[in-house]
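Written out below as structure tokens is the structure these notes cover.
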Amino acid sequence: MPPASAVGSVGTMRFSVWPTTSQKLDDFMEVAGHAAGSGWDGIWVADHFMSAAEPVDTPMLECFTTLAALAVNVPRVRIGSLVAGNTYRHPAVLANMAATVDQLSGGRLVLGLGAGWQHNEHQAYGIDLPGVPERLARLEEACAVVRQLFDRPRGDFAGRYYQLTDAPMEPKAARAHLPLLIGGGGERITLGIVARWADEWNTWGTPDVLAAKGAVLDRHCQQAGRDPSTISRSAQVLVDLDGHGEQWRRPMPMVRGGVAELQELLGGYVDAGVDELIVPDWNLGTGTRRRDALDRFLDEVAAPFRPAPPPSDRSKRGRST
């Protein structure tokens, strides 16, 4: 691994894993446990009930029951939904679920929320999928509902789509402020919702995409009277280190290269203001092959961009088996 000086003056980021939910629960928990034991910072869980493409009858773990399993079985790391589809649950129900998972985890949950998009599962399950303008209007109201229930003794809200009437929510989350992440890159509406409501923002993309959209978010924050630095920013991209990754069946952003090329890419994310890089495991194979790919990325590529652990923690860091 090249020394940190080889990649210039670097900033630091968190590094998290996004295991596919299209696998058996035992396999999901195995990779999550390995990631937590080997030094990754977070585990993210998608919120879907079926694949967006054929074949659709493959395994698909439900998001919040999987997060509950992580909360009680996988220590230390942040856990979160990436992202909960707002069309699937009333936001008051979602807030109660999130608070309980946060309690189970000892205060490690990030509630990721998005407008919803996957047409085939809405059709298959008979869930209404409004047009984009209504979905975004519902998302903004949902943020208000969730924050009221998280932050106030009782919630009262009279929106077009959601209403609360002296609504309690007990227990609250384990922390005084459970972080709300909003996923999406729409520059006209979605990033405005992020500026008004989010503690964290997430979108797919390479550094140039994050830099451009981040500048738009900064302008929305200025209009909302908010300091942009109060919103943590994360991005995900499929990674192929030295050609060892598999071809993914859907056209998602992917970066390829050796250690030096990927470190240059990470420097671009830092320059774009990204605080956390999320690595899907979807193209990394299974079992030992997947564990080795995650280990190599963290140890060889990400190391110069990670803060050094306190001396007392260095002897504790080890690999799970």
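The values are calculated or read from the model by the stated rules, or taken from the named source; none is laboratory data. If you're wondering where the values come from, they're calculated on a predicted model, not measured in any experiment. Note that we place each Cβ from the backbone using ideal geometry, even for glycine, and neighbour counts take in every protein chain shown.
All of (1) within 22 Å of residue 84 (Cα to Cα); (2) free of Cβ contacts under 8 Å to residues at least 60 places away in the same chain; (3) assigned to a loop (DSSP other than H, G, I, E, B) hold for residue 284 with one exception: (1). Filtered by the rule that a residue be farther than 9 Å from residue 191 by Cα and free of Cβ contacts under 8 Å to residues at least 60 places away in the same chain, region 203-213 gives 203, 204, 205, 209, 212.
Picking from residues in region 165-190 that are touching a Lys or Arg at 6+ places or on another chain (Cβ under 7 Å) and over 22 Å from residue 153 (Cα atoms), the one that is surrounded by the fewest Cβ atoms within 10 Å (Cβ to Cβ) is 187. Of all residues in region 21-63, none satisfies the criterion of being acidic (Asp, Glu), touching a Lys or Arg at 6+ places or on another chain (Cβ under 8 Å) and at pLDDT below 95. The set of residues from region 76-126 being more than 17 Å from the chain's Cα centre (by Cα), without any contact (Cβ under 8 Å) to a residue 60 or more places away in the chain and farther than 18 Å from residue 181 by Cβ comprises 93, 104, 119, 122, 123, 126. When each of 111, 104 is tested for being part of a helix (DSSP H, G or I) and of a type in the set (A, V, I, L, M), the lone residue that passes is 104.
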